[in-house]
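For reference, the structure discussed in these notes is given below.
Coordinate-derived values only; no laboratory data. Keep in mind that this is a model prediction, so the values were computed, not measured. Backbone-built Cβ (ideal geometry, glycine too); neighbour counts: all protein chains shown.
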């Protein structure tokens with residue numbers, strides 16, 4: 001069953017007055033981020049989007065979340081067009097986006113508070129999630145007292161607290177060091193495998209994509225569209241040891257073969273744009 005269906009999505013952005021961009025040799029005051037973007041996402045799957053910078057991956061997450069509207073086409077969530085933000089979706093951003101005046105526990109509670117969940121129940125759910133992420137001893141700490149990895153754990157726990165049907169994750173581990181990033185990948189996959197939540201995850205890391213995904217969607221250089229959907233045939237549950245396996249290397253190679261020409265195209269577009277003055 002498909003929980004999300006994107007049909008012929010287009011998304012354009014108008015530049016500020018006086019700003020121009022060169023697209024394939026044509027000067028324009030608009031940037032077309034997505035064009036002819038079609039994708040069906042299965043209920044309960046972990047789908048990862050990879051593509052060059054500027055290919056519209058994060059734009060697609062904003063459209064699914066209802067934070068932005070497409071210029072053309074329709075996105076369906078549970079069979080209904082997305083027209084506004086929905087309680088069915090949770091969002092984890094690259095930046096931790098925690099409320100600095102709230103403790104870790106209170107940050108995790110805030111979505112439940114907005115839904116009117118009673119205090120005792122909010123606290124119980126928040127403590128359970130903090131425990132899953134190994135943060136039981138830090139529930140009374142404020143964001144500035146937590147490391148980057150801890151802050152992102154709190155952000156993910158907050159998104160999961162309301163039990164969203166769809167969890168959107170926009171490069172959530174990109175700012176972390178390599179060791180912390182790998183630890184959080186392991187924790188995320190362990191926790192997700194115990195739920196029926198659908199995850200749409202954006203990353204620039206092929207290794208991260210292969211480790212996490214049921215399928216990897218390769219996005220073309222701007223304007224973005226789905227070039228290829230690659231099934232990741234690695235067994236679950238997944239543990240860190242699988243990263244050194246022959247099967248992991250084979251899946252990684254498949255993704256890179258689909259992606260490398262798009263990275264080259266994006267680099268050429270950047271050179272053209274950089275060389276355009278006025």
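Which of rounded, prolate or oblate describes segment 120-278 when judged by the alpha-carbon gyration tensor and an a/c cut-off of 1.5? Prolate, since a/c reaches 1.5 and a/b exceeds b/c. Once the convex hull of all Cα atoms in segment 195-271 is built, its volume per residue stands at 99 Å³. Rounded to the nearest 10 degrees, the inclination of helix 148-161 to the longest alpha-carbon principal axis of the chain is 80 degrees. Annotation for segment 186-215 versus segment 65-119: alpha-carbon center distance of 19 Å. Our analysis of segment 1-131 gives Rg over Rh at 1.06, with the two radii drawn from alpha carbon positions and Rh computed by the Kirkwood formula. From least to most packed, judged by other beta carbons within 10 angstrom and beginning with the fewest, 204, 253 follow the order 253, 204. Here the average projected area of the convex hull drawn through the C-alpha atoms of the chain stands at 15.9 nm². Assuming R0 = 35 Å, can you tell me the calculated FRET efficiency for the pair residue 76 and residue 267, based on Cβ-Cβ distance, to the nearest 0.05? For R0 = 35 Å, the calculated efficiency reads 0.55. Using R₀ = 25 Å, calculate the FRET efficiency as 1/(1 + (r/R₀)^6) where r is the Cβ-Cβ separation of residue 233 and residue 205; round to 0.05. Between residue 233 and residue 205 the formula returns 0.80.
Would you mind checking segment 61-86 for residues with the amide N under 16 Å from a putative spin-label position 7 Å along Cα→C-beta of residue 196? Under cut-off, by backbone N: 78-79. Taking every DSSP helix (H) stretch of at least 4 residues in the chain, weighting each as -39,500 (n - 2.57) and dividing the sum by the residue count yields a mean residue ellipticity at 222 nm of -11500 deg cm²/dmol. By the Kirkwood approach, averaging reciprocal distances over each pair of separate Cα atoms, segment 98-163 gets a hydrodynamic radius of 11.3 Å. Compute the length gained on full extension between residue 94 and residue 260: take 0.36 nm times their separation in residues and subtract their Cα-Cα distance, giving the result in nm to one decimal. Contour length minus Cα-Cα distance gives 57.4 nm.
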